[in-house]
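Working notes for the structure below.
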Ligand SMILES: [Zn+2]
Ligand SMILES: [Zn+2]
């Protein structure tokens, strides 16, 4: 198999354990050279609510969300946003290479096997973005791994998030609304909301707020990068 990012061959040598225990073999689409460019977040003195690395306790963003919305953030992410992640999302989202959706398959799949939720939903692309890109990047990133339900719709914004500075991002008003199917879900269900990148947390906080307002209590969020 070849690395989806750079085309180098990938050696997927099975361990004795995998062969004899008939463990599910999770495909890997990334070579070791590319993998070395990643900065995993696990075990780095993270904010306990959002996994911001090296934050020594609850970070200021998470405190803000609690004050402003009464939201106790419950977020997990896998990799720090760095140069590799930046160029990955540029190729995947800006240049629209949908095949790259599977580059992190193994990492996300492993996380999904250790964390259990009743309902898994995602941050959908706005209609304008969907039309311009031809695919929904968050949906494609996770659809092979989770049984995704679309429960939110996103209105087209005046300016894309990527073109906003930090303050503008924090000030962005609510752009999500709930689909009627949300009403059919029992309120005691544990909800997971997926996004691709977590920057200020604004987008996921808005999505979180929709579920909170709809009466759900157990809400978690996840992003590939933070
Ligand atoms: Zn590679
Ligand atoms: Zn935090």
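The values are calculated or read from the model by the stated rules, or taken from the named source; none is laboratory data. Being a predicted model, the structure only gives us computed values, none of them experimental. Here the Cβ is made from the backbone with ideal geometry for all residues, glycine too, and neighbour counts use every protein chain on show.
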For residue 6, which of the numbered conditions (1) under 29 Å from residue 147 (Cβ atoms); (2) within 16 Å of ligand 1 (Cβ to nearest atom); (3) in contact with a helix residue (DSSP H, G or I) (Cβ under 8 Å, 6 or more places away or on another chain) fails to hold?
(1)
Just wondering, is there one or more residues in the range 79-102 that are within 16 Å of ligand 2 (Cβ to nearest atom) and part of a loop (DSSP other than H, G, I, E, B)?
yes
Count of the range 83-109 residues which are surrounded by fewer than 13 Cβ atoms within 10 Å (Cβ to Cβ) and touching a residue at least 40 places away in the same chain (Cβ under 8 Å)
2
If residue 54 satisfies every condition in (1) within 16 Å of ligand 2 (Cβ to nearest atom); (2) part of a loop (DSSP other than H, G, I, E, B); (3) surrounded by 14 or more Cβ atoms within 10 Å (Cβ to Cβ) but one, which is the exception?
(3)
Where residue 26 falls short, out of the listed (1) in the same structural domain as residue 137 (by TED's automatic domain parsing); (2) in a loop (DSSP other than H, G, I, E, B); (3) touching a residue at least 24 places away in the same chain (Cβ under 8 Å)
(1)
Do we find a residue being in the same structural domain as residue 203 (by TED's automatic domain parsing) and touching a strand residue (DSSP E or B) at 6+ places or on another chain (Cβ under 8 Å) anywhere in the range 94-103?
no
Determine whether residue 65 is in a helix (DSSP H, G or I), within 16 Å of ligand 2 (Cβ to nearest atom) and either assigned by TED's automatic domain parsing to the domain that holds residue 2 or crowded, with 16+ Cβ neighbours inside 10 Å (or both).
yes
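Being under 19 Å from residue 93 (Cα atoms) and either in a loop (DSSP other than H, G, I, E, B) or away from ligand 1 (no atom under 16 Å from the Cβ) (or both) narrows it down to one residue among 199, 181; which is it?
The match here is 199.
When the range 119-132 is examined, which residues are found to be within 14 Å of residue 156 (Cα to Cα) and touching a residue at least 24 places away in the same chain (Cβ under 8 Å)? I'd like the intermediate steps shown before the answer.
Going residue by residue through the range 119-132, those that are within 14 Å of residue 156 (Cα to Cα) are 123-132.
Correct list: 123, 124, 125, 126, 127, 128, 129.
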Filter result for residue 170 (at pLDDT below 95 and under 27 Å from residue 82 (Cβ atoms))
yes
List the number of the failed condition for residue 117; all other conditions in (1) farther than 25 Å from residue 151 by Cα; (2) in a loop (DSSP other than H, G, I, E, B); (3) assigned by TED's automatic domain parsing to the domain that holds residue 214 hold.
(1)
Failed condition for residue 205, given (1) closer than 12 Å to residue 75 by Cα; (2) touching a strand residue (DSSP E or B) at 6+ places or on another chain (Cβ under 7 Å)
(2)
Taking the range 134-161, which residues are crowded, with 16+ Cβ neighbours inside 10 Å and not in a loop (DSSP other than H, G, I, E, B)?
137, 138, 139, 140, 141, 142, 148, 152, 154
If the requirement is being under 17 Å from residue 197 (Cα atoms), at pLDDT below 90 and more than 16 Å from ligand 1 (Cβ to nearest atom), which of these qualifies: 96, 43?
96
